[in-house]
1. Exactly one condition in (1) within 16 Å of the ligand (Cβ to nearest atom); (2) over 20 Å from the mean Cα position of the chain (by Cα); (3) over 30 Å from Ala79 (Cα atoms) is not met by Gly498; state its number.
2. Given the criteria modelled with pLDDT of 90 or more and either buried (at least 23 other Cβ atoms within 10 Å of the Cβ) or away from the ligand (no atom under 16 Å from the Cβ) (or both), does Pro538 qualify?
3. Leu553 versus (1) at pLDDT 95 or above; (2) more than 20 Å from Leu362 (Cα to Cα); (3) in contact with a Leu (Cβ under 9 Å, 6 or more places away or on another chain): which is the lone unmet condition?
4. With the requirement that a residue be within 16 Å of the ligand (Cβ to nearest atom) and over 25 Å from Lys333 (Cα atoms), what does segment 38-68 give you?
5. Which is under 30 Å from Glu425 (Cβ atoms) and over 37 Å from the mean Cα position of the chain (by Cα), of Ser190, Ser238?
6. Would you please name the residue that is nearest to Ala246 (Cα to Cα), looking only at residues in segment 106-132 that are β-branched (Val, Ile, Thr) and surrounded by 17 or more Cβ atoms within 10 Å (Cβ to Cβ)?
7. If we scan segment 220-239, do we find a residue that is of a type in the set (Ser, Thr, Tyr), at pLDDT below 95, loosely packed, with under 14 Cβ neighbours inside 10 Å and more than 30 Å from Glu134 (Cα to Cα)?
Amino acid sequence: MATERAQWGSKLGFILAASGSAVGLGNIWRFPYVTGENGGGWFVVIYLVCIALVGLPILMSEIMIGRAAQRQPVGAFAALEGRRTAWSGVGWLGVVAGFIILSFYIVVAGWAMDYTLKSIVNFTGPMAAEARVEAMAYRADTPAVEMRETLIDAETARQFREVEKEITRKVRPSAWKAYQEFESAVAKASNAEHARAVLLEDAALRAHVEVAQPIAAELEAAHLSLRQRVSQSFDALSEVEIRDRAEDFTRRSAIRSRVEAAFGAVAGDGWITAIWTCVFMLLTILIVAGGVSSGIERACTILMPALFLLILVLVIYGFFMPGFREAASFVFKPDIHELRPSGVLAGMGQAFFSLSLGMGALITYGSYQRTKRGLAGESVTIAAMDTGVALLACLMIFPIVFSFGQAPSAGPGLVFMSMPLAFAEIGQAGMLLGAIFFGLLVFAAITSSISLLEVVASYFIDERGWSRRKATWVVGGLVLLLSMPSAFSYAPDSFISGWTASYGSNFDFLSTMDYLASNWMLPAGGFFISLYAGWVMPKHLRNAELEGLAPALVLGWLLLVRFVAPAMVIVILMQSIGILDADELLFRGG
Ligand code: PHE
């Protein structure tokens with residue numbers, strides 16, 4: 001049986017396919033916005049540490065398990081143990097996780113396809129033109145005093161975000177939250193004085209309010225003095241300058257609301273989203289049905305170099321943007337104040353998702369390799385490519401974000417709502433850049449989605465004896481079915497639009513799938529995989545895979561998979577459950 005098993009055509013083919021799996025929406029869509037939300041610099045450092053201490057050792061473990069077993073995840077543990085044991089459950093967890101991740105991944109990838117086509121026809125062009133007219137009308141019609149106030153408010157709000165972070169850092173997060181709830185309850189009450197008195201009968205709440213109130217007062221004072229300073233900075237401006245600025249500001253907000261509405265129109269239209277989702281799934285199925293070497297490997301050897309080229313073009317473009325320096329310092333200059341303990345946890349979750357770890361994608365890919373050499377080198381190359389693309393993605397996105405005065409912490413919409421806004425401002429060249437950018441996102445997504453489908457399909461091929469064609473079409477069809485609730489989750493009045501899951505914040509259906517798979521299943525899978533490779537895997541099999549590696553490296557790897565990686569994963573899982581709130585626990589006060 002082993003002789004007829006599919007194999008990669010070459011070592012390079014394996015490396016490109018595995019990096020293709022790793023490099024995906026996680027790098028270009030997720031990493032920049034997570035970095036933005038976590039304040040840049042330090043988060044990047046933490047992420048790199050997570051990659052080195054947790055990601056890389058687990059990556060090695062997965063490839064090792066796959067290579068030694070020559071089976072996909074469910075069969076792999078049984079093959080290595082010589083019989084079915086509870087470890088096979090880890091394989092099952094992977095199959096289910098792959099199924100779930102794929103179901104929302106193809107929806108996001110479908111939007112990227114839609115945006116690629118739209119960029120080719122320059123969909124932001126008319127928006128930019130309308131916005132220009134609107135801004136001119138505003139300029140012509142609005143008294144300068146009113147413009148001045150609007151500009152001051154906007155600039156104050158922009159600068160205040162930093163100040164607010166700085167000040168609220170002094171109060172314990174739980175106390176601050178309790179205080180905010182208290183204030184909104186009071187605001188709702190018909191008699192504020194009475195409401196305050198009654199609510200403060202609760203001693204615990206009173207304690208929170210007592211510490212939070214001075215901070216709230218400080219915030220208010222800071223806002224006032226900031227507004228004054230901003231207002232003074234406007235004194236030197238002539239009326240014409242004010243009008244110029246106001247026109248510019250209005251034009252940008254007008255484009256922004258149009259671009260946002262355009263994304264809302266796509267995401268909010270379940271049928272359009274569903275059609276794109278189908279198209280993307282179809283492409284994925286066709287490639288995977290083509291086989292390991294002539295389908296997956298061939299696609300990756302074409303798409304990956306193309307991807308690197310496109311990224312290079314955008315980074316070079318970004319280099320000449322006025323915001324490049326600010327962007328580079330945001331990404332690469334750690335500011336100790338921005339370091340929050342929960343950032344460590346976000347960094348670890350991102351490392352799992354981005355490296356495709358914890359669900360056996362690399363066990364599966366590794367199983368199509370028969371060599372017993374080069375494990376460490378291959379793993380380092382894959383991790384380095386993944387990390388490189390993530391950092392480059394930041395370098396192409398943030399210069400644009402900063403040059404157009406946007407907030408880096410815009411969240412998951414960063415790619416679909418901010419990038420087109422920037423492309424609209426650039427004009428004609430923006431159309432080309434937009435098409436390149438979203439095309440790149442599609443390429444990156446497809447080399448990842450094929451690895452997700454391969455994990456699930458290979459179960460039916462390896463363990464159930466199905467033909468590859470049957471397995472890919474049946475599994476692909478089922479995934480498509482499960483993807484429908486995700487595709488319709490932003491459509492108003494659809495069967496699923498009322499869905500809310502509440503884990504800390506409220507999630508729609510798509511985000512719920514992402515959350516469950518990425519924050520639970522992948523870390524849990526990674527935990528067991530590292531324990532298995534470190535403690536359980538038969539020694540002679542493990543040693544065969546590690547042959548030729550320097551003893552010090554082997555020892556280092558063992559220490560990491562046995563102790564460091566599992567311990568760090570347990571910490572994230574506890575944070576996800578909510579047993580442990582790192583920001584709260586490590587709050588140092590003052
Ligand atoms: N690593 C892929 C990305 O960054 C996502 C993925 C996760 C793929 C898990 C396979 C398995 O987009």
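The values are calculated or read from the model by the stated rules, or taken from the named source; none is laboratory data. Everything quoted here is computed from the prediction, not taken from an experiment. Counting neighbours? That spans all protein chains shown, and the Cβs are built from the backbone with ideal geometry, glycine included.
1. Of the numbered conditions (1) within 16 Å of the ligand (Cβ to nearest atom); (2) over 20 Å from the mean Cα position of the chain (by Cα); (3) over 30 Å from Ala79 (Cα atoms), the odd one out for Gly498 is (1).
2. It is true that Pro538 is modelled with pLDDT of 90 or more and either buried (at least 23 other Cβ atoms within 10 Å of the Cβ) or away from the ligand (no atom under 16 Å from the Cβ) (or both).
3. Evaluating Leu553 over (1) at pLDDT 95 or above; (2) more than 20 Å from Leu362 (Cα to Cα); (3) in contact with a Leu (Cβ under 9 Å, 6 or more places away or on another chain) leaves (1) as the failure.
4. Hits for segment 38-68 are Ile58, Leu59, Ser61, Glu62, Ile63, Ile65, Gly66.
5. Ser238
6. My answer is Thr124.
7. Within segment 220-239, not a single residue is of a type in the set (Ser, Thr, Tyr), at pLDDT below 95, loosely packed, with under 14 Cβ neighbours inside 10 Å and more than 30 Å from Glu134 (Cα to Cα).
Conditions tested, residue by residue: (1) of a type in the set (Phe, Trp, Tyr); (2) assigned to a helix (DSSP H, G or I); (3) in contact with a His (Cβ under 9 Å, 6 or more places away or on another chain); (4) in contact (Cβ under 8 Å) with a residue 60 or more places away in the chain.
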site: Leu357; (1), (2), (3), (4): no, no, no, yes
site: Ile363; (1), (2), (3), (4): no, yes, no, yes
site: Arg373; (1), (2), (3), (4): no, no, no, yes
site: Gly377; (1), (2), (3), (4): no, yes, no, no
site: Ala383; (1), (2), (3), (4): no, yes, no, yes
site: Ala407; (1), (2), (3), (4): no, no, no, yes
